[in-house]
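Novice: If you scroll down you'll find the structure; I have some questions about it.
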Amino acid sequence: MTPQLEAALAALQPLSPAERQQLLQILTQDELAENPLTELRNLSIQFWQGISLQQLRTTQTPATVHNLQDLSADFWPQEDSIEEFLAFLQQQRQEVS
């Protein structure tokens with residue numbers, strides 16, 4: 001093993017298992033970018049295998065909502081009442097049933 005590889009492995013020790021897996025995926029993707037069919041097949045396999053919630057969290061870095069008012073939006077047209085919408089929705093559901 002070369003000294004550079006030993007240094008790289010030593011640098012990887014503090015990484016969490018999820019971070020190591022993410023690094024491996026990045027390195028694998030770079031190598032497979034030369035063959036699009038192989039890359040597509042591997043991405044398909046990866047998609048259907050699924051990942052843990054912790055792994056998903058490390059790749060997406062979701063924002064934490066501290067106040068529900070931050071999610072509210074004022075987009076409902078004033079000329080449309082909620083009652084009319086609910087009546088329309090109920091009618092549509094009955095027609096489909």
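The values are calculated or read from the model by the stated rules, or taken from the named source; none is laboratory data. Computed from a predicted model, the values in this text were never measured in an experiment. Note that we place each Cβ from the backbone using ideal geometry, even for glycine, and neighbour counts take in every protein chain shown. These area figures cover heavy atoms from the full protein model, side chains too; ligands, DNA and RNA do not enter into them. Shrake-Rupley method; radii C 1.70, N 1.55, O 1.52, S 1.80 Å.
Novice: If you check every pair at least six apart or on different chains, which have Cβ atoms under 8 Å apart with a residue in region 1-21 that is within 11 Å of Thr58 (Cβ to Cβ) first and a residue that is surrounded by 10 or more Cβ atoms within 10 Å (Cβ to Cβ) and among the β-branched types (Val, Ile, Thr) second?
Specialist: Close Cβ pairs satisfying both conditions: Ser16/Thr58; Ala18/Thr58; Glu19/Thr58.
Novice: For region 58-82, name all the residues that are without any contact (Cβ under 8 Å) to a residue 40 or more places away in the chain and closer than 20 Å to Leu27 by Cα.
Specialist: Matches in region 58-82: Thr59, Gln60.
Novice: Could you tell me whether Glu39 is open to solvent by 70 Å² or more (accessible area, probe 1.4 Å) and at pLDDT below 80?
Specialist: Taking the combined requirement at face value, the residue does not satisfy it.
Novice: For region 52-97, which residues satisfy the criterion of being in contact with a helix residue (DSSP H, G or I) (Cβ under 8 Å, 6 or more places away or on another chain) and under 28 Å from Ser16 (Cβ atoms)?
Specialist: Those that are in contact with a helix residue (DSSP H, G or I) (Cβ under 8 Å, 6 or more places away or on another chain) and under 28 Å from Ser16 (Cβ atoms): Ser52, Gln54, Gln55, Thr58, Thr59, Val65.
Novice: Condition check: open to solvent by 70 Å² or more (accessible area, probe 1.4 Å), hydroxyl-bearing (Ser, Thr, Tyr) and at pLDDT 80 or above. Does Thr2 satisfy that?
Specialist: Taking the combined requirement at face value, the residue satisfies it.
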